[in-house]
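Notes follow once the structure below has been shown.
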Amino acid sequence: MDKERGSSYGAYVLALPYPSQGHVNPMLQFCKRLVSKGGFMQAGDVQAYLTYLEATGSKTLAELIKRHQNSDHPIDCIVYDAFLPWALEVAKETVEVAGGAVIAASNYVQFDTISDGYDEGGFMQAGDVQAYLTHLEATGSKTLDELIKRHQNSDHPIDCIVYDAFLPWALEVAKEFGLAGAAFFTQPCAVNYIYYYAHNGLLKLPVERSSLPVSIPGMLMLELEDMPSFIYVHGSYPAYFEMVLKQFSNVEKADYVLVNTFYELEDKVVDSMSKVSPLMTIGPTIPSLYFDKRVKNDNDYGLNLFQLDPSICLEWLSHKPKKASKEAKLPKKFVEETSNKGLLVGWSPQLEVLASEKIGCFFSHCGWNSTIEALSLGVPMVVMPQCTDQTTNAKFVQDVWKVGIKVKVNEKGIVGREEVEDCIREVMGGDRGEELKKNAIKWRDLAKEDISEGGTSDKDIDELVSKLTNSLCMSSS
């Protein structure tokens, strides 16, 4: 939030996401919400992510512009986010050649960078997970320290760091400078609480079959396969498992704990976890266009590693009746032979597709961003979880929120095409399909209610703003 020294007081917040698209987008959306309260944000990220985004974005933006140059609708103007200045350079090389205009969109969310130690190639340069996470902490801590110092004598010294809970070392840096720290949990409260139990020895690992099902306050009884994959496949991806447990290594030092969910969706889990770790629900972190429209120009996430002309999918959908799908290994002539039944693309504008009234079912891996998008837009699901939080999300999709069906794995560990077909048919029709749709609409309405003015998430964000501002005023008096 903006701090104009010598005029009105507010807190200046630095937001630090874990460097992957699924973590950057929720935090960026949260920043936009804070800004809509009259604030000013500095979004910090690792250099490698922005370097990759600039390189890939510049290339694909130029390709998109050129594709339109000889069409009936050549591009005349580019309105770009001010934290993507490379778009201006691409525009000047293409659009302005034809006399077009370039406009920088004003934005109170500014960007700055720290380093992960692999500025040339990011994660791929590291070679393995442990090496990357080790360098991310060492170099990230050092360059975050430098960033804070750089701002200390500016008009906007940093007062609070909102950090992704995957980066607990950021809280240690914040405390060295006497700054407030807010842990931002990207995943659902249920998954966070399971990790909390594991970290604190309340859930004995590895989980023995004799101890099943597992009871955790606020949740249904959980079978082993309902747990996050790091737990039900004990010993898998040890570096990542250590990372998700270390979210709680110093969380008691955090001034605030923020969770990307909404209260009505996980009320029992939120209430239980709040007794041991007070938290605020601030989600769903989805563009305001799909909810209350109170955040100006918030029509999409704003950052994408992959670029695609969204009109391809949306044009195809426009010709389908209401309630009307990418594969790397496809049979020969699959695309041609199925062109009258579906559309195969490398990447789609998921939010816009899910928001279409033509969509009757969403087949998903059940990652949290995809899951909360479907819940927030009222779309029933068929889910096939693979790893990390997806298995627990799938349990809640089917048995708690009752908005979808989880595919069954056969005795060979395979999900057959017949199983997928049966699940889709069940969701798309019949009595159960109607019930799933009814539940999906219920959660959609509750999501909108929670993030809109006066809703639980809106109140929690207001409370955060108030506490930060009051804390600053007290320290300045």
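Restricting region 109-126 to residues that are assigned to a strand (DSSP E or B) and either in contact with a Cys (Cβ under 6 Å, 6 or more places away or on another chain) or acidic (Asp, Glu) (or both) leaves a set whose member that is modelled with the lowest pLDDT is VAL109.
Just the residues that are within 20 Å of GLN21 (Cβ to Cβ), out of contact with any Cys (no Cβ under 7 Å at 6 or more places or on another chain) and part of a loop (DSSP other than H, G, I, E, B), please, taken from region 259-294. Across region 259-294, the qualifying residues are ASN260, ILE282, GLY283, PRO284, THR285, ILE286, PRO287. Return the residues of region 384-409 that are on the phi > 0 side of the Ramachandran plot and within 19 Å of the chain's Cα centre (by Cα); say none if nothing qualifies. The one that is on the phi > 0 side of the Ramachandran plot and within 19 Å of the chain's Cα centre (by Cα): THR388. Of all the listed residues (PRO26, PRO74, PRO85), the sole one being under 17 Å from the mean Cα position of the chain (by Cα) and either at pLDDT 80 or above or over 30 Å from ALA183 (Cβ atoms) (or both) is PRO26. Determine whether ASP292 is under 23 Å from LYS442 (Cβ atoms), touching a helix residue (DSSP H, G or I) at 6+ places or on another chain (Cβ under 8 Å), surrounded by fewer than 17 Cβ atoms within 10 Å (Cβ to Cβ) and among the acidic types (Asp, Glu). So ASP292 passes the test. When the residues of region 437-461 are filtered to those that are under 11 Å from LEU265 (Cα atoms) and of a type in the set (A, V, I, L, M, F, W, C), the one that is surrounded by the most Cβ atoms within 10 Å (Cβ to Cβ) is ALA447.
Do you know which of the residues in region 146-166 that are of a type in the set (A, V, I, L, M, F, W, C) and either part of a helix (DSSP H, G or I) or in contact with a Cys (Cβ under 9 Å, 6 or more places away or on another chain) (or both) is surrounded by the most Cβ atoms within 10 Å (Cβ to Cβ)? Quick ask: steps written out before the conclusion?
Of region 146-166, the ones of a type in the set (A, V, I, L, M, F, W, C) are 147-148, 158, 160-162, 165-166.
Pick out the ones that are also either part of a helix (DSSP H, G or I) or in contact with a Cys (Cβ under 9 Å, 6 or more places away or on another chain) (or both) and you get 147-148, 162.
Details: LEU147: 19, ILE148: 20, VAL162: 28.
Restricting to residues being of a type in the set (A, V, I, L, M, F, W, C) and either part of a helix (DSSP H, G or I) or in contact with a Cys (Cβ under 9 Å, 6 or more places away or on another chain) (or both), the top hit is VAL162.
Let's see how each residue does on (1) closer than 25 Å to THR139 by Cβ; (2) at pLDDT below 75; (3) outside the structural domain of VAL465 (by TED's automatic domain parsing); (4) not charged (D, E, K, R):
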residue: ARG33; (1), (2), (3), (4): no, no, no, no
residue: PHE40; (1), (2), (3), (4): no, yes, no, yes
residue: GLN47; (1), (2), (3), (4): yes, yes, no, yes
residue: LEU53; (1), (2), (3), (4): yes, yes, no, yes
residue: THR60; (1), (2), (3), (4): no, no, no, yes
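So for region 361-372 (the condition being more than 18 Å from the chain's Cα centre (by Cα) and aliphatic (A, V, I, L, M)), does at least one residue qualify? Looking for residues that are more than 18 Å from the chain's Cα centre (by Cα) and aliphatic (A, V, I, L, M), one finds none in region 361-372, hence no. Counting the residues of region 167-225 that are buried (at least 23 other Cβ atoms within 10 Å of the Cβ), part of a loop (DSSP other than H, G, I, E, B) and aliphatic (A, V, I, L, M) gives 1.
Please work out which residue is modelled with the lowest pLDDT, limiting yourself to region 409-455 and to residues that are outside any helix (DSSP H, G or I) and under 18 Å from GLY378 (Cα atoms).
The first filter runs over region 409-455 and keeps only residues outside any helix (DSSP H, G or I), leaving 409-416, 429, 452-455.
Those still in the list that are under 18 Å from GLY378 (Cα atoms) too: 429, 452.
Values: GLY429: 85, SER452: 94.
Result: GLY429.
The values are calculated or read from the model by the stated rules, or taken from the named source; none is laboratory data. Keep in mind that what you see is a predicted model, and the values were worked out from it rather than measured. Don't worry about glycine lacking a Cβ; one is built from the backbone with ideal geometry, like all the others, and counts go over all protein chains shown.
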